[in-house]
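The values are calculated or read from the model by the stated rules, or taken from the named source; none is laboratory data. Everything quoted here is computed from the prediction, not taken from an experiment. Cβ placement follows ideal geometry from the backbone for every residue including glycine, while neighbour counts extend to all protein chains displayed.
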Amino acid sequence: MTTTAIAPSPLLSRFVRVGTLTVTQGSRTRLLTGGQPGPSVTVHIQSSRAWVRILRGGALGFAEAYMLGEIDTPDLAEFFVWGALNQEAFRSGRLGNRFFSGSRRLWQRLAADLPHRSVGSTTDHYDLGNDFYAEWLDESMSYSSARFEYPSQPMASAQRNKYATLARMAGIQPGDRVLEIGCGWGGFAEYAAGQLGCHVTAITLSTEMAEYARKRLSSQGLGHLVDIRIEDFRATAGTFDRVVSVEMIESVDESQWPALFATIRARLAPHGGAAMQAITIDDTEWHDYRHGQDFIQRYIFPGGQLPAPAVLAGLAGDNGLAITTDERFGADYARTLAWWHDRFEQVWPRLAGPQFDEHFHRMWKLYLTYCEAGFRLGRIDVHQIGLRPA
């Protein structure tokens, strides 16, 4: 291979401060080395149109070029980590400002779209069907971060550990009446009923998820303990000893966040407790992040918004709730996402077909690896929060 110039490599060379970047296009190769040690990544330019998209759209342009097969890299997550480590150098120029402004929004919005979604904003996402998710999620069918007690812990065990931690934070006791807001495929409800003997009311807006959860719980002999409802949280009535919500707030429009916290408080008995798992962004990033459209809104599904830690604290206080515990475990989400990505790649030959074409394949890889990098870098985080009536 020759090492002749690859446009716009003279521009790129100014922005590599950490690690190395190898760019190939046809028979040409360009090696760009920073002055500080760091990741070594490779990008293959398959079409000159990729440069145009990146120069015009920054991180979003890169995402589009990747989905269209105009650009490739053997390790997407590592490429995104490398890019973030070179962020300050990129910010020194107009291209860098555009790239990383888009990059920050992309990370945050992708993360907002990880967990369970509401009807209207996420129909297309969950129209993919239960069978699609069952192929690459673990046996718990949990589409939210696990909590690992040790690095080699099996995924299903780490997911149960997440449920156990939430139950502890909420103060769940055998026989408690528990409300779960946003129950997904029924993993936590199964744990609370099967392991703790609780009576669980679990609500969702997804008909397909509700049907799956009912069959699951019935097969475990737990149908008499769990009531799966297709219901908006604002319509739920009654009083409960405990309330749990796992990565559901991100799917609620920001204007409805006060209503969510007010519902938690209103449904709790005076002696009760609640627990919430939520993805967040840094307080300093939140106001800038709230505006603009990006990759995930355009290609995965619209909607989804991340709160900041200070926003969560304010919502709790404004609605008569006190935060008793707040634990962060973003590194566990990075590990969860890497596991999902590996499983997705393993089962892709079975999934590939008219419904799931190569464009979808690349889109889903981008989705999982970009979020993994964001959690690895601490750009986004995940919390488990204990709450009680103030």
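Brief remarks follow.
- In region 175-200, the residue that is nearest to the chain's Cα centre (by Cα) out of those that are buried (at least 24 other Cβ atoms within 10 Å of the Cβ) and in a strand (DSSP E or B) is 181.
One line per residue, one yes/no per condition, for (1) surrounded by 16 or more Cβ atoms within 10 Å (Cβ to Cβ); (2) aliphatic (A, V, I, L, M); (3) assigned by TED's automatic domain parsing to the domain that holds residue 148:
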site	(1), (2), (3)
330	yes, no, yes
336	yes, no, yes
346	no, no, yes
353	no, no, yes
358	no, no, yes
375	yes, no, yes
382	yes, yes, yes
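- Looking only at region 31-82, and only at residues there that are charged (D, E, K, R) and touching an Asp or Glu at 6+ places or on another chain (Cβ under 7 Å), the one that is surrounded by the fewest Cβ atoms within 10 Å (Cβ to Cβ): 49
- Looking only at region 226-267, and only at residues there that are among the basic types (Lys, Arg) and out of contact with any Lys or Arg (no Cβ under 8 Å at 6 or more places or on another chain), the one that is nearest to residue 382 (Cα to Cα): 265
- Apart from one condition, residue 116 fits all of (1) touching a strand residue (DSSP E or B) at 6+ places or on another chain (Cβ under 9 Å); (2) part of a loop (DSSP other than H, G, I, E, B); (3) at pLDDT 55 or above; the exception is (3).
- Of the strands (runs of 3 or more DSSP E) lying entirely inside region 210-284, none contains at least 3 residues that are in contact (Cβ under 8 Å) with a residue 12 or more places away in the chain and at positive phi.
- Test for residue 330: is it small (Gly, Ala, Ser) and at pLDDT 95 or above: yes
- Residues of region 233-255 satisfying the condition of being closer than 30 Å to residue 287 by Cβ and surrounded by fewer than 16 Cβ atoms within 10 Å (Cβ to Cβ): 234, 253, 254, 255
- Among the residues of region 206-223, those that are among the hydrophobic types (A, V, I, L, M, F, W, C) and surrounded by 22 or more Cβ atoms within 10 Å (Cβ to Cβ) comprise 209, 213, 217.
- A residue that is acidic (Asp, Glu), surrounded by fewer than 19 Cβ atoms within 10 Å (Cβ to Cβ) and in a helix (DSSP H, G or I) occurs nowhere in region 147-164.
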